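See below for the structure under consideration.
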Amino acid sequence: MSGPDASPGRVPTSSSRPAAPGAPGPAATAPDTSAPGVPSAGKGLAAGTLGLWGSTVIGLASTAPVYSLVATLGFVVAAVGAQAPIAFIVAFIPMLFIAFAYRELNRAVPDCGTTFTWVTKAFGPRVGWMGGWGVAIAGIVVLANLSQIAGQYTWLMVGDGSLAENVPLVTATGVVFIALMTWISYRGLELGERVQNVLLGVQYVALALFVVVALYKIATGDAPNATPVEWSWFDPTAFTDWSGFVEAVLLALFIYWGWDACLALTEETKDPQRTPGRAAVLSTAILLVTYVGVTVVAMSFAGLGSTGIGLANEANADDVFFALKDPVLGPLSVVLVISVLVSAVSSTQTTILPTARGTLAMAVYGALPARFGRVHPRFRTPSFSTFVMGVVAIVFYVVMTLVSANVLQDSILSLGLAIAFYYGLTGYACVWYFRRELTSSWQAFLFKGLLPLLGALMLTYAFVQSVVDMLAPDYGYTVLLGIGGTFVIGIGSLLLGAVLMVVWSAFAESRPFFRGESLNRDTEVLVPDEPEIYTRSIDGGLA
């Protein structure tokens, strides 16, 4: 926490080395906290806004549970058949282990920069910068995908649904959704939380309706391909194809990604050292129950056949719910269509929130230009970073759509590399940051050392295996430079970050950061000492 000798808005450092001449340095990027009612330390965000419930909602919404199931369930079944439930459980293990790493690091360093800040403290500025880039590029790529899904499902509900095939119309609609969610994110976290409560509620009501009606039809014999639940569905030794198992687990990793959004809002919670970490672990646990439960019900209702509504039917792989909506819900099938739309829109906003706060933190410590650190004086949101995230996502989405729908799809498939990259870095950072404490107690050894390390190793394997698989020309939808387009996009986006880091390091403003002065292991955290004492006032300020 900021000590008593820290000036308002200043980034304290353990180094007495001055900043480069003419460089504004990190101190210039911090927000003005001299206004009445604003905490005397921190980045200017709205402290004390979220509780455990709000943080958990943000974590769940960011994963887009309904859309994630739509996008992956069919492909997981195609890869491992009846072992789909255990594949989701196995994929949950590294997510839980990394959630413990996030929890422990957040207790020690409750900073909205999350991976960027923690990895910088553990391994230095350049590795930390790349960790922050991993978070940002994953957010940009997934925003393009989410907006496309939102556009398609909007027009599926109009007429005979043929308008969903109109690329310019769908693209324009997706752009509108990104712009709208960017505006909501800009207007303040309270508004965003209220919106997410409604949107997440719609998703879980739809899932509950699907599960209840499907179980009723199974019990009454009205399910067309009713299949009894078998224990072999949960047997990890029943996999007959190792490559299929690995593919399924890699696919399943994607559906858990996003729970860390609540950690990026740590400075805006009522108890930043404990609430975000608890919300992260709680979010992953709820997601596990959701995904495994819905998967088992869908398998029991539709069976694993390769024809009709069978989950192994390749024609249903990219949208299992679309194939099951009419047989399960009949005239209420539009509820599932609406829930997928809502899921994509909801995740659009919750993706903007953490990525904007990540770039805010990078700017405050001098890892990005100072303007990224601007905070709106009334809404207490990272205004410039939020708008930049929205604009960049729109440009990326439109350009990818204009180039080729296949290139856009390959960019989505490449997401796993960025996810495994920055989650893995966070796990390693946890072990290294707490290395001197690991023998102090069994809890420290387990939660700060062993579990984060195992999670990081699992994700490293997932990263390496993905790279090997993506090299194949027939992986994904395109071939670039004679190899899989997914590989080129995934590795290329990470290498682009390295190039941008080198370019930015040449500017005087960045030198304190890259010399390890503005952010290092001893740098105090830029959050209020007791943020829970601040409450939101009616006009959006801090009282």
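The values are calculated or read from the model by the stated rules, or taken from the named source; none is laboratory data. These numbers were taken from a predicted model, which means no experiment stands behind them. Using ideal geometry, Cβ is built from the backbone for each residue, glycine included, and neighbour counts are taken over all protein chains shown. Ligands, DNA and RNA are stripped out before the accessible areas are found, and what is left, the full protein with its side chains, is counted by its heavy atoms. Shrake-Rupley method; radii C 1.70, N 1.55, O 1.52, S 1.80 Å.
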Checked pairs for segment 231-243, first over 16 Å from Thr295 (Cα atoms), second of a type in the set (S, T, N, Q), C-beta under 6 Å and 6 or more apart or across chains, list as Ala238/Gln83; Ala238/Ser232; Phe239/Gln83
Got a number for residues in segment 141-168 being closer than 17 Å to Phe396 by Cα, surrounded by 16 or more Cβ atoms within 10 Å (Cβ to Cβ) and not small (Gly, Ala, Ser)? 7
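So that you can scan it fast, the table gives a plain yes or no per residue for (1) modelled with pLDDT of 90 or more; (2) within 21 Å of Gly113 (Cα to Cα); (3) within 14 Å of the chain's Cα centre (by Cα):
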| site | (1), (2), (3) |
| --- | --- |
| Gly358 | yes, yes, yes |
| Leu368 | yes, yes, no |
| Pro377 | no, yes, no |
| Val395 | yes, no, no |
| Leu402 | no, no, no |
| Leu417 | no, yes, yes |
| Val431 | yes, yes, no |
Would you check if there is a residue in segment 118-128 being farther than 23 Å from Phe321 by Cα, polar (S, T, N, Q) and outside any loop (DSSP other than H, G, I, E, B)? yes
Looking only at segment 423-438, decide whether some residue is in a helix (DSSP H, G or I), open to solvent by less than 30 Å² (accessible area, probe 1.4 Å) and acidic (Asp, Glu). no
Filter segment 120-135 down to the residues that are closer than 19 Å to Gly59 by Cα and open to solvent by less than 20 Å² (accessible area, probe 1.4 Å) and list them by number. Gly132, Gly134
Sole exception among (1) under 23 Å from Tyr102 (Cβ atoms); (2) under 20 Å from the mean Cα position of the chain (by Cα); (3) part of a helix (DSSP H, G or I) for Thr381, by number: (3)
Restricting attention to segment 299-328, and to residues there that are aliphatic (A, V, I, L, M) and within 19 Å of Tyr153 (Cβ to Cβ), which single residue is most open to solvent (accessible area, probe 1.4 Å)? Ala315
Among residues belonging to segment 97-119 that are closer than 11 Å to Gly132 by Cα, of a type outside the set (A, V, I, L, M, F, W, C) and open to solvent by less than 10 Å² (accessible area, probe 1.4 Å), point out the one that is nearest to the chain's Cα centre (by Cα). Thr115
Which is more than 25 Å from Phe379 (Cβ to Cβ), of a type outside the set (D, E, K, R) and open to solvent by 10 Å² or more (accessible area, probe 1.4 Å), of Val66, Val90? Val90
Among (1) open to solvent by less than 50 Å² (accessible area, probe 1.4 Å); (2) part of a helix (DSSP H, G or I), there is one condition Ser243 misses while meeting the rest; what is its number? (1)
Picking from Thr478, Thr486, which residue would you name as being buried (at least 23 other Cβ atoms within 10 Å of the Cβ) and in contact (Cβ under 8 Å) with a residue 60 or more places away in the chain? Thr486
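Here is a yes/no grid of residues against (1) within 18 Å of the chain's Cα centre (by Cα); (2) at negative phi:
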| site | (1), (2) |
| --- | --- |
| Ser55 | yes, yes |
| Leu60 | yes, yes |
| Ala78 | no, yes |
| Gly81 | no, no |
Of all residues in segment 403-416 being touching a helix residue (DSSP H, G or I) at 6+ places or on another chain (Cβ under 6 Å) and open to solvent by 30 Å² or more (accessible area, probe 1.4 Å), the one that is farthest from Ala356 (Cα to Cα): Leu413
Would you mind stating whether Ala179 is aliphatic (A, V, I, L, M) and closer than 30 Å to Ser147 by Cβ? yes
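Could you run through segment 368-402 and say how many residues are among the aliphatic types (A, V, I, L, M), more than 22 Å from Val502 (Cα to Cα) and open to solvent by 50 Å² or more (accessible area, probe 1.4 Å)? Working first, answer last.
Quick first cut of segment 368-402, residues among the aliphatic types (A, V, I, L, M) only: 368, 370, 375, 388-389, 391-395, 398-400, 402.
Still in the running and more than 22 Å from Val502 (Cα to Cα): 375, 391, 393-395, 398-400, 402.
Now narrow it down to the ones that are open to solvent by 50 Å² or more (accessible area, probe 1.4 Å): 391, 395, 399, 402.
Of the residues in that region, 4 qualify.
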Does any residue in segment 151-178 that is more than 23 Å from Val391 (Cα to Cα) come within less than 7 Å, Cβ to Cβ, of a residue that is part of a loop (DSSP other than H, G, I, E, B) and of a type in the set (Phe, Trp, Tyr) six or more places away or on a different chain, and which pairs are these? none
If Ala138 satisfies all but one of (1) in a helix (DSSP H, G or I); (2) open to solvent by 10 Å² or more (accessible area, probe 1.4 Å); (3) at pLDDT below 95, what's the number of the condition it fails? (2)
Whichever residue in segment 444-475 is in contact with a Leu (Cβ under 9 Å, 6 or more places away or on another chain) and without any contact (Cβ under 8 Å) to a residue 12 or more places away in the chain and, among such residues, is least open to solvent (accessible area, probe 1.4 Å): Ala444
Residues satisfying the stated conditions in segment 311-351, i.e. under 22 Å from Val176 (Cα atoms) and not aliphatic (A, V, I, L, M): Ser339, Ser343, Ser346, Ser347, Thr348, Gln349, Thr350, Thr351
Need the failing condition index for Ala78 against (1) part of a helix (DSSP H, G or I); (2) open to solvent by less than 10 Å² (accessible area, probe 1.4 Å), just the number. (2)
Only one of (1) open to solvent by 10 Å² or more (accessible area, probe 1.4 Å); (2) assigned to a helix (DSSP H, G or I); (3) in contact with a Pro (Cβ under 9 Å, 6 or more places away or on another chain) fails for Gln273. Which number is that? (2)
Hits in segment 326-342 (condition: among the polar types (S, T, N, Q) and assigned to a helix (DSSP H, G or I)): Ser339
